[in-house]
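Peer 1: So that we are looking at the same thing, I have put the structure below in structure tokens.
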Amino acid sequence: MEHITTPAIRGVNVPIGQNVRAERVRRGEKQDAVARILGVSQPAYSERERGAQPFSAPELFLIARAFRIDVSVFFPSTIPDMPTEASASSSPGLSRTAA
């Protein structure tokens, strides 16, 4: 599956990854231990923490469950760099009309 990476999406992936990393480090866990929980390689997990690839919702829930915290801890309080309406309407595949 190809991930769509726009500045706005990357702008959300990065703080989520930073929050996951901060919680992992706070708990003294290594990347490979969390990667095993998710069933991914350590390099693939590292890409998620850096925001280069997104964590899926199920992955975030698995990590939250393993850490015994609420999943909301991983999400930023604001969404940075969201596209303007003009740029969103010019994106391919986006339409404001009902199907």
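The values are calculated or read from the model by the stated rules, or taken from the named source; none is laboratory data. Because the structure is predicted, anything quoted here is derived from the model rather than measured. Neighbour counts run over all protein chains shown; Cβ positions are idealised from the backbone, glycine included. Only protein heavy atoms, including side chains, enter the accessible area calculation; ligands, DNA and RNA are left aside. Shrake-Rupley method; radii C 1.70, N 1.55, O 1.52, S 1.80 Å.
Peer 1: May I ask you to evaluate 6.51 cos²θ - 1.76 cosθ + 1.60, the Karplus curve with θ = phi - 60°, for each residue of segment 15-27 and list the ³J(HN,Hα) values in order in whole Hz, giving x for glycine and proline?
Peer 2: x, 4, x, 5, 5, 5, 4, 4, 5, 4, 5, 4, 8
Peer 1: Something else about it: Please calculate the 1.4 Å probe accessible area of Asp32, with all protein chains present, and give it to the nearest 10 Å².
Peer 2: Counting only protein heavy atoms, the figure is 70 Å².
Peer 1: Here's something else I'd like to know. Taking the simple approach of a point 7 Å from Cα along Cα-to-Cβ for both Gln42 and Ile69, what is their distance in nm?
Peer 2: Between Gln42 and Ile69, the label points sit 2.2 nm apart.
Peer 1: Near Val34, within a Cβ-to-Cβ distance under 15 Å, what is the net charge of the other residues, with Lys and Arg +1 and Asp and Glu -1?
Peer 2: Around Val34, the charge tally is +4.
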